[in-house]
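J.: Next up is a structure, given as structure tokens.
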There are 2 protein chains.
Amino acid sequence: MGYLAQAPQLDGLIEHLESAEGLGDLQAAITGLRDQYGVNHIVYHWVNAAGDQYGCGTYDQVWVDRYLEKGYLRIDPVIQGCYQRFHPVDWKRLDWSSKAARAFLQDAIDHGVGNQGFSIPIRGPNGQFALFTVSHNATDEEWEDFAEANRRDLILVAHYFNQKALELEPGRKPETAQSLSPREIEAMTLLAIGYSRAQAAETLAISEHTLRVYVESARFKLGALNTTHAVARAISRGLVVV
Amino acid sequence: MGYLAQAPQLDGLIEHLESAEGLGDLQAAITGLRDQYGVNHIVYHWVNAAGDQYGCGTYDQVWVDRYLEKGYLRIDPVIQGCYQRFHPVDWKRLDWSSKAARAFLQDAIDHGVGNQGFSIPIRGPNGQFALFTVSHNATDEEWEDFAEANRRDLILVAHYFNQKALELEPGRKPETAQSLSPREIEAMTLLAIGYSRAQAAETLAISEHTLRVYVESARFKLGALNTTHAVARAISRGLVVV
DNA sequence: TTTTAACTCCCCAGAAATAGCGAGGGCAGA
DNA sequence: TCTGCCCTCGCTATTTCTGGGGAGTTAAAA
């Protein structure tokens, strides 16, 4: 540990990734990648809905369980920060001001995650969101050099990794098919920006009943239980922009 | 035309991109990139779910205007296809079976877009969606070779290009998001996944009234007009992950 | 120590959303 | 041509949400 290796050969890595045929191969690839870079950990973390998460990486199982158990998903500034950014993020640049965040960081360090980290947000279709994270124990300077030298390669690796994960992930596909009609999108958009049904109907110059039909139709297509749920899904799938 | 150059130096390109300070610089960069690759066109196209678009590239203005005027956004299989995919897409692999799609393709070719194309979907925060497209007149074989040789570089260029576009985009909001309390986040999360207030209260083991207080508090902090609006804002600000 | 903020509980009346039944015209693909 | 999807409109009853009051405890900042 503590040894940051030279950048590995990108071509070989990506070819290796592209030939993966199961989640086990991804796990093996990520472990190999970690060893080649000589960092403490590399983790791919598919962040999702109501608690269910999927990922693979080199974190200690104890830490992964603890993360889930403690609900760190809702505290972790890496998640919060990456969710709002496009470019890779050095952990140092995140907001650690809250006490909960600092306690979380300390807990992470105690579990061998490392004091430095670098996370790449990745977004796929239907609002998929994942993180590709490299973490290590190093000084600020060492880490800066490492990140600078490997940023581009890591972006590419993260991209190909996510591509494979999307291919291999079993349960995610069926959700995709249904998209909303233009009028349904307009209706959902207006509700998402705070209009009541009456206001939205007036804005679209249709009867409130018709608007209701759109909302119900959208709710059905999105598999949502109520309007709020439907709007939430529409937003997180990128169908509606607020 | 017809000449596909060797891959240009990636490092120089990206540095050039990173120093861009305005949309004009992006336009210049993309034109230079086109010339270096020796292809007909390179286009960056920011597509908004609401329908408004922004982009820069080397397409003829006549074609751009026609695209907008004819509402091709809703027909273009490149948009439809990329929206559902994560990896770069060769135009040949898209669904051109509908009559409207074939007419569109012919129209595009007539306007000098090229018979071959390759589009990279890019997604940013808040449901941002953009395409980075390279198009050319070439045989299938020539194009295959070109795409194979340059895919990775183009993915990276697309990434950095989008990063710059996000920085420069005028409509970007700083939004000093007042954060929600843990309990408020829990409440909003449950509503976002379709729970009614009663269900959410039961899940959190608190009275429905207390839950209501959280929701109202969150609504106030988020400047939202109603619960649906508040959930929408919480999601698009990354406070709630659905 | 004082103050602030988070967390918890209760009642009520009016406003809004949901669920159920319907109906007809238009347009594009099979 | 016919099937399916999109767009449009109406009625009623029930359930859920919203907004107006008020009040106590704990824990963390100032």
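The values are calculated or read from the model by the stated rules, or taken from the named source; none is laboratory data. Since the model is a prediction, treat every value here as computed from it, not as a measurement. Ideal geometry is used to build each Cβ from the backbone, glycine not excepted, and the neighbour counts take in all protein chains shown. Only protein heavy atoms, including side chains, enter the accessible area calculation; ligands, DNA and RNA are left aside. Shrake-Rupley method; radii C 1.70, N 1.55, O 1.52, S 1.80 Å.
J.: Would you check which residues across the stretch A:81-103 are within 12 Å of chain B (Cβ to nearest Cβ) and within 16 Å of DNA strand C (Cβ to nearest atom) and list them?
T.: If the condition is that a residue be within 12 Å of chain B (Cβ to nearest Cβ) and within 16 Å of DNA strand C (Cβ to nearest atom), then A:Asp95, A:Ser97, A:Ser98, A:Lys99, A:Ala100, A:Ala101 are the ones that fit.
J.: Restricting the search to the stretch B:128-162, which residues are facing another protein chain (nearest Cβ under 9 Å) and open to solvent by 30 Å² or more (accessible area, probe 1.4 Å)?
T.: B:Arg152
J.: Quick check: anything in the stretch B:83-105 within 16 Å of DNA strand D (Cβ to nearest atom) and under 20 Å from the mean Cα position of the chain (by Cα)?
T.: Looking only at the stretch B:83-105, we keep the residues that are within 16 Å of DNA strand D (Cβ to nearest atom), and these are B:83-84, B:98-100.
Now restrict to residues that are under 20 Å from the mean Cα position of the chain (by Cα): B:83-84.
For the stretch B:83-105, residues within 16 Å of DNA strand D (Cβ to nearest atom) and under 20 Å from the mean Cα position of the chain (by Cα): present.
J.: If I go through the stretch A:101-120 residue by residue, how many of them are out of contact with any Asp or Glu (no Cβ under 8 Å at 6 or more places or on another chain) and open to solvent by 10 Å² or more (accessible area, probe 1.4 Å)?
T.: Adding up the residues that qualify gives 8.
J.: Restricting attention to the stretch B:142-158, does a residue exist that is under 21 Å from the mean Cα position of the chain (by Cα), among the acidic types (Asp, Glu) and under 26 Å from A:Arg85 (Cα atoms)?
T.: Yes, the stretch B:142-158 contains at least one residue that is under 21 Å from the mean Cα position of the chain (by Cα), among the acidic types (Asp, Glu) and under 26 Å from A:Arg85 (Cα atoms).
J.: I would also like to ask the following. Only residues in the stretch B:203-224 that are of a type in the set (D, E, K, R) count as the first member; pair them with residues that are more than 9 Å from DNA strand C (Cβ to nearest atom) and open to solvent by 60 Å² or more (accessible area, probe 1.4 Å), Cβ under 6 angstrom, at least 6 apart or cross-chain, and list the lot.
T.: B:Glu208/B:Arg197
J.: When the residues of the stretch B:184-206 are narrowed to those that are within 12 Å of DNA strand D (Cβ to nearest atom) and open to solvent by 60 Å² or more (accessible area, probe 1.4 Å), which ends up farthest from B:Val240 (Cα to Cα)?
T.: Here the residue is B:Glu202.
J.: Follow-up question, since we're still on this one. Tally up the residues in the stretch B:221-234 that are away from chain A (no Cβ under 13 Å) and either within 10 Å of DNA strand D (Cβ to nearest atom) or in contact with a Gly (Cβ under 6 Å, 6 or more places away or on another chain) (or both), please.
T.: Taking the stretch B:221-234 and keeping what is away from chain A (no Cβ under 13 Å), we get B:221.
Within this subset, residues satisfying the condition of being either within 10 Å of DNA strand D (Cβ to nearest atom) or in contact with a Gly (Cβ under 6 Å, 6 or more places away or on another chain) (or both) are none.
Within the stretch B:221-234, residues that are away from chain A (no Cβ under 13 Å) and either within 10 Å of DNA strand D (Cβ to nearest atom) or in contact with a Gly (Cβ under 6 Å, 6 or more places away or on another chain) (or both) number 0.
J.: I'm told B:Gly238 meets every condition in (1) facing chain A (nearest Cβ under 7 Å); (2) farther than 17 Å from A:Ile75 by Cβ except one. Can you identify the failing condition by its number?
T.: (2) is the only condition that B:Gly238 fails.
J.: Right, another one. Only residues that are at pLDDT below 90 and in contact with a His (Cβ under 8 Å, 6 or more places away or on another chain): list them for the stretch A:33-53, please.
T.: A:Gln53
J.: Would you be able to say whether some residue in the stretch A:158-172 is away from DNA strand C (no atom under 11 Å from the Cβ) and closer than 29 Å to B:Ala230 by Cα?
T.: Looking through the stretch A:158-172, at least one residue is away from DNA strand C (no atom under 11 Å from the Cβ) and closer than 29 Å to B:Ala230 by Cα.
J.: Taking the stretch A:198-210, which residues are near DNA strand C (Cβ under 9 Å from one of its atoms), within 14 Å of chain B (Cβ to nearest Cβ) and within 14 Å of A:Glu186 (Cβ to Cβ)?
T.: If the condition is that a residue be near DNA strand C (Cβ under 9 Å from one of its atoms), within 14 Å of chain B (Cβ to nearest Cβ) and within 14 Å of A:Glu186 (Cβ to Cβ), then A:Gln199, A:Ala200 are the ones that fit.
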